[in-house]
Amino acid sequence: MSHESTLPEGDLLVVLRHGPHGSLWLREGLEAALVAAALGQRVSLLFMGPGVAALAANQQRGPLEQKGTLPMLEMLPLYEVESLLAVDEDLDALGLAPERLAVPAERIAPTAVAALMARHPLVLNF
Amino acid sequence: MRYALLVQGGPYSHQAAHSALRFAEALVRRGHLLETVFFYHDGVYNAARLLAPPQDEPHLGDAWRRLHAEHGTRLQVCIAAGLRRGLLDEREAARHGKAGASLEAPFELTGLGQLVDAGLSHDRLITFAP
């Protein structure tokens with residue numbers, strides 16, 4: 001669990017609260033994050049609520065033929081997006097132990113979310 | 001203060017667009033600058049050229065256009081979110097071989113970079129989402 005003083009700072013925090021498939025929220029949130037990173041902004045991602053499901057390993061194309069969002073997560077290091085955080089309670093609620101994640105994310109307590117937001121002048125919610 | 005709005009709710013289906021407009025009108029009444037409205041996610045439907053609500057309901061498209069006409073507010077629509085939902089200006093319609101455009105000025109198709117820029121260059125960016 002992250003102590004507040006170790007929370008990352010950045011220009012933009014993208015908050016992802018929807019899981020993959022079912023809606024475009026996650027994909028369009030990640031697109032905003034990638035564009036901001038490509039423009040040289042320091043971007044952090046916070047996965048919370050159902051959004052933590054985006055981190056699950058072994059995702060495949062859904063029956064609806066969406067492309068899925070896992071390939072976008074795997075591209076993040078190319079865009080130098082290295083601050084991935086997820087709310088620990090939400091991970092635990094879905095049984096997403098660290099070894100079941102496709103990409104590593106730092107676990108933070110729900111009480112640290114406000115401090116994380118305060119360290120980013122711009123917050124976008126998806 | 002210089003404001004930008006991010007609208008992510010479609011017209012009429014959710015309160016988000018109505019609330020954004022009411023906030024926008026209150027801002028300019030108070031003497032603030034509303035320089036940019038960025039439409040993303042289902043919010044791009046606010047830019048649909050052919051919105052035709054019943055006459056006794058507010059016309060959201062006209063209300064956005066009025067903000068542009070009276071206050072110079074830029075009405076920016078994410079091109080990726082717009083194209084996949086069928087919102088094309090004349091240029092994109094021609095490029096994709098479609099008959100007729102579904103979006104016209106003062107709405108403008110633009111990239112997500114403009115949203116990032118709006119967030120960083122205005123004093124406030126306020127999100128309205130369903």
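Points to keep in mind about this one:
- A cut-off of 5 Å between modelled amide H atoms, ignoring neighbours fewer than 5 places along the same chain, links residue B:77 with B:39, B:108, B:109, B:110.
- Fraction of beta bridges assigned by DSSP in chain A that are antiparallel (%, nearest 5): 5 percent
- Within 10 Å of each Cβ in A:119-125, the average number of Cβ atoms from other chains: 4
- Per-residue mean of foreign Cβ neighbours for A:27-36 is 5 (Cβ atoms of other chains, 10 Å radius).
- Residues with amide H under 5 Å from that of residue A:123, placed H, sequence gap 5 or more: A:13
- Residues A:72, A:117, B:1, sorted so that the one with the fewest Cβ neighbours within 10 Å comes first: B:1, A:117, A:72
- The string of couplings for region B:22-37 from the Karplus curve (6.51, -1.76, 1.60, θ = phi - 60°) is 5, 5, 4, 5, 5, 4, 5, 4, 7, x, 7, 9, 10, 8, 9, 10 Hz, one whole number per residue in order, with x for Gly and Pro.
- Residues whose placed amide H lies under 5 Å from that of residue B:88, excluding near-sequence neighbours: B:102, B:103
- For region B:62-67, Karplus couplings with θ = phi - 60° (6.51, -1.76, 1.60), whole Hz, Gly/Pro x: 5, 5, 5, 4, 5, 4
- Antiparallel DSSP beta bridges within the protein assembly as shown, as percent of all bridges there, nearest 5: 5 percent
- Counting, for every residue in B:112-122, the Cβ atoms of other protein chains within 10 Å of its Cβ and taking the mean gives 5.
- Over region A:4-125, Cα pairs under 8 Å with separation of 6+ residues give a relative contact order of 35 percent.
- Couplings for region A:75-81, taken from phi via the Karplus curve 6.51 cos²θ - 1.76 cosθ + 1.60 with θ = phi - 60°, read 7, 3, x, 5, 9, 6, 8 Hz in order; Gly and Pro are left as x.
- Relative contact order (%) - region B:2-128, alpha-carbon pairs under 8 angstrom, separation at least six: 33 percent
Laboratory data are not the source of any read-out in this text; all were calculated from the coordinates shown. Here the structure is a predicted model, which means the values were calculated and not measured. Cβ atoms come from the backbone with ideal geometry, glycine included; neighbour counts cover every protein chain shown.
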